[in-house]
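Reading through the structure tokens given below for one structure.
The values are calculated or read from the model by the stated rules, or taken from the named source; none is laboratory data. Computed from a prediction, not measured in an experiment: that's the story for all the values here. Backbone-built Cβ (ideal geometry, glycine too); neighbour counts: all protein chains shown.
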């Protein structure tokens with residue numbers, strides 16, 4: 001069997017396993033039915049298993065992605081920083097430029113630390129009745 005036929009067999013089974021709900025435990029019996037030798041079957045099954053595992057690991061990594069969101073307090077601090085900057089720009093506050101930058105950077109840094117690290121749910125079943133009162 002040449003390399004091209006081997007790759008075609010691997011592609012066929014990987015596609016079936018990933019997209020058509022074909023069980024990986026059915027690969028070996030079907031390959032044995034094709035009258036392939038044991039060494040070739042071992043190689044093909046190992047490559048199929050590696051490819052399928054790599055695709056499943058990629059999905060698990062995607063589910064663990066985090067997203068940063070501002071909390072309500074972070075939004076208020078950002079709004080305060082914006083109002084402070086605008087009032088200074090239009091001359092409503094009479095302070096030194098150095099004092100302005102110290103206060104402004106303090107507010108901005110405070111706003112940054114009020115970000116929340118939130119895990120983004122994806123492809124998960126969420127039980128909305130989990131916290132409901134039970135009778």
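Could you tell me whether any residue of segment 44-52 is touching a strand residue (DSSP E or B) at 6+ places or on another chain (Cβ under 8 Å), assigned to a helix (DSSP H, G or I) and modelled with pLDDT under 85?
Looking through segment 44-52, none of the residues is touching a strand residue (DSSP E or B) at 6+ places or on another chain (Cβ under 8 Å), assigned to a helix (DSSP H, G or I) and modelled with pLDDT under 85.
What pairs come out if I take residues in segment 30-41 that are more than 20 Å from residue 16 (Cβ to Cβ) and pair them with residues that are modelled with pLDDT under 90 and outside any loop (DSSP other than H, G, I, E, B) whose C-beta lies under 9 Å away, six or more apart or interchain?
38/32
Any idea which of (1) touching a helix residue (DSSP H, G or I) at 6+ places or on another chain (Cβ under 7 Å); (2) assigned to a helix (DSSP H, G or I); (3) at pLDDT 75 or above is the one residue 83 doesn't satisfy?
Of the numbered conditions (1) touching a helix residue (DSSP H, G or I) at 6+ places or on another chain (Cβ under 7 Å); (2) assigned to a helix (DSSP H, G or I); (3) at pLDDT 75 or above, the odd one out for residue 83 is (1).
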